Amino acid sequence: MKQRNRLPAFFLTVLLAFFVGCTATPKQEGTGEYIDDTVLTTKVKAAVLNEPSLKSAEINVETFKGVVQLSGFVSSQADINKAVEVARGVGGVKSVKNEMRVK
């Protein structure tokens, strides 16, 4: 008789363990961040390339979790400041890391 009383509890425990195992993992949730970073990188690249004063610059753009990293070569400190300003103006950019060099 005791075993019959334990049987429903056992099945509930197994079902609970099954459903907890089916919850979303961080890897599955993180794929949206990758897509957002790709879109943000594309927007920043387009904004920098469309800036007339930066046409001759060689600027690379990378994004990780909304943080944009600018690298490459420009002709003056004013160009660096302009590139950072343009990148900050793009929606969704949390911050900008500047690793550009004057050549």
Which order do Phe64, Phe11 take by accessible area at a 1.4 Å probe, largest first? Phe64, Phe11
Can you give me the solvent accessible area of Asp37 with a 1.4 Å probe, rounded to the nearest 10 Å²? 20
Surface accessible to a 1.4 Å probe, Glu58 within the full protein complex, Å²: 90
Would you kindly find the accessible area of Thr63, with a 1.4 Å probe and non-protein molecules such as ligands, DNA and RNA excluded, rounding to the nearest 10 Å²? 30
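The values are calculated or read from the model by the stated rules, or taken from the named source; none is laboratory data. Values in this document were obtained by computation on a predicted structure and should not be read as measured data. Note: accessible area is taken over every heavy atom of the protein model, side chains too, but ligands, DNA and RNA are not part of it. Shrake-Rupley method; radii C 1.70, N 1.55, O 1.52, S 1.80 Å.
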